[in-house]
Amino acid sequence: MRSSSSLMRFGVHVVDWFAFAGAGLAAYVWRFEAAELPPPQIYALLIVQMATLMLLVSSAIYRNWRGGKFKAMLGRVGLAWAITWALLMTWLVLTKSSTDFSRIWLLTWAALSLGVSWVARLALFLTMAWLRGQQVNHMRVLLVGRGGPVAAIRRRVKTSNWTGYDLVGVVGVDDINGLQYALGQLDPDEVWICPSANDMNAIQPVLNELRHSTANIRLVPDMGAFQLVNNGLTVVLGMPMLDISSSPMSGINLVLKWLEDRIVGFLILVLISPVLLGVALAVKLTSKGPVIFKQERHGWNGETIEVYKFRSMYVHDEHTGQVTQAKKGDSRITPLGAFLRRSSLDELPQFVNVLQGRMSIVGPRPHAVAHNLQYRELIPRYMLRHKVKPGITGWAQVNGLRGETDTIEKMEARVQADLYYIENWSVMLDLKIIFLTFFKGFFNKNAY
């Protein structure tokens, strides 16, 4: 089975090569109605093909993707494509040879190559899923472990038969004799060591017993024993480390989020400027006090930031360190303020916070510092919601989890939604939330 996997990886190389070459040739035929490419175009074709394949190899896209996320595979292909075309454009500019190429041909080739490579990947993915459903290219897996980790793997394999994994046996981590027998009789392609948190000391004897085996050996940590956010494997100082809690905002993700906030935030701020002016005048004319209310809240990594809102309450004093949540029929809220809070118009000045870099358009809503100090002692993993910048809108808000949190259960539900957002962040998820905010995120019966 392992040799057939290598053959399939070679097949994917060939598919990618023809995807980019075919897209370039098809774009040229469409543009010039000729199938024979001149030398400069041939050189460009080879540069794009070689650069893309090298980037895909370096990003581990050609590793065994059995059981991996299809979206992640497409994302890596797209990133390699983007870097390749950026390099080609840079080369054309530096060599002053851009005039030798048709811009229409290059743009058509670029768009077509990405589309063809994605469609080819989808076709391969569906083909392999169908073949594995026909019992072709299956991997025999022996589990070494017991309890919750083994049960979790059994459930996942049962519901993901398209991956082609067959569980051929289970042996306890302390049953060395049983492991010897299973290796000899079952001939597994892979051995997954999945100890519970109490069995970690038994791993080394198992590895000693497997030292002569040619099977792929994988360690499956008991993730249920940890409270993970954005978990993954990071190599630090040459040492692989399991991420228990980390921010998704690093590397290219940080750049994409920065661009999203600055570009989309600026455009929205320009579009809503008449609304901002109108609300500001209404607040000033209907009650005494400042137009903008400023409050300290916790931002990214727990840093204290100042958040802006249109003032929606009469000016009043509270005890030092105390922040009382607004309730239904709260006498502190002005008539205009009640409408602003229900419609979320009081939050619009926070687009200035976004351009300042204190907040994002999408992220967990920032809570008052006093509330954070209270809830972090009551709700597990509460402070992990600060692994990203706070947002004007978020996954919790578009799912109806906004407004007064008069019970622990309501705050727990909001925190779970925030952690789901952090663990599953992507630009597409942000755009989805922004879109849903227009329909679900403004008016809410729970916002007082």
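Miscellaneous remarks
- Residue, most open to solvent (accessible area, probe 1.4 Å), within the range 355-386, restricted to residues that are among the small types (G, A, S) and part of a loop (DSSP other than H, G, I, E, B): G357
- Condition met for V352 (buried (at least 21 other Cβ atoms within 10 Å of the Cβ), of a type in the set (V, I, T) and touching a strand residue (DSSP E or B) at 6+ places or on another chain (Cβ under 7 Å)): no
- Unique match (being surrounded by 15 or more Cβ atoms within 10 Å (Cβ to Cβ) and at pLDDT 85 or above) among L259, L254, L276: L276
- For the range 22-53, residues that are over 33 Å from the mean Cα position of the chain (by Cα), touching a residue at least 60 places away in the same chain (Cβ under 8 Å) and open to solvent by 30 Å² or more (accessible area, probe 1.4 Å) total 5.
- The lone exception for M223 - which of (1) surrounded by 18 or more Cβ atoms within 10 Å (Cβ to Cβ); (2) over 30 Å from I434 (Cβ atoms); (3) of a type in the set (A, V, I, L, M, F, W, C); (4) modelled with pLDDT under 85 it fails: (1)
- When R341 is tested against (1) modelled with pLDDT under 90; (2) not in a helix (DSSP H, G or I), just one condition goes unmet, and that condition is (2).
- Residue within the range 139-157 that is more than 30 Å from G24 (Cβ to Cβ) and either touching a His at 6+ places or on another chain (Cβ under 8 Å) or of a type in the set (S, T, N, Q) (or both) present: no
The values are calculated or read from the model by the stated rules, or taken from the named source; none is laboratory data. Computed from a predicted model, the values in this text were never measured in an experiment. Don't worry about glycine lacking a Cβ; one is built from the backbone with ideal geometry, like all the others, and counts go over all protein chains shown. Side chains are part of the model used for accessible areas, which takes the heavy atoms of the whole protein and leaves out ligands, DNA and RNA. Shrake-Rupley method; radii C 1.70, N 1.55, O 1.52, S 1.80 Å.
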